[in-house]
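Quick notes on the structure that follows.
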Amino acid sequence: MQIETTEIGQEIRGFLTEKFLFGRSEALTDDLPLLGNVIDSQGVIELVVFVQERFTIAVDDEEVTTDNFASLKSVVAFIEKKLRSKA
């Protein structure tokens, strides 16, 4: 089953909004740096666990980088890349 980019973005946005922004989705733009603005180091771990469970992909320790988890846009791109390599 192919998951669309917008669907991935909506899933991640929903998780971050519910878990860290207390429903204030307007505070989350695609390019907003997540670390320090939305999540802390514990939040990164929670996001990684969510991504692994929701999209059934493995995220290796060395993949948990500021490039891959910098913003909503970069998280979506990372998930898409992992899903493509899995197919």
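The values are calculated or read from the model by the stated rules, or taken from the named source; none is laboratory data. Every value quoted in this text rests on a predicted model; they were computed, and no experiment measured them. Using ideal geometry, Cβ is built from the backbone for each residue, glycine included, and neighbour counts are taken over all protein chains shown. Note: accessible area is taken over every heavy atom of the protein model, side chains too, but ligands, DNA and RNA are not part of it. Shrake-Rupley method; radii C 1.70, N 1.55, O 1.52, S 1.80 Å.
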**Study point:** When residues of the stretch 65-87 are limited to those that are of a type outside the set (Asp, Glu) and open to solvent by 60 Å² or more (accessible area, probe 1.4 Å), the one modelled with the lowest pLDDT
**Key:** 87
Review point. What is the one condition in (1) surrounded by fewer than 17 Cβ atoms within 10 Å (Cβ to Cβ); (2) touching an Asp or Glu at 6+ places or on another chain (Cβ under 7 Å) that residue 32 does not satisfy?
Key: (2)
Point to revise | Number of the condition not met by residue 38 [criteria: (1) within 15 Å of residue 15 (Cβ to Cβ); (2) in contact with a helix residue (DSSP H, G or I) (Cβ under 9 Å, 6 or more places away or on another chain); (3) surrounded by fewer than 18 Cβ atoms within 10 Å (Cβ to Cβ)] | key: (3)
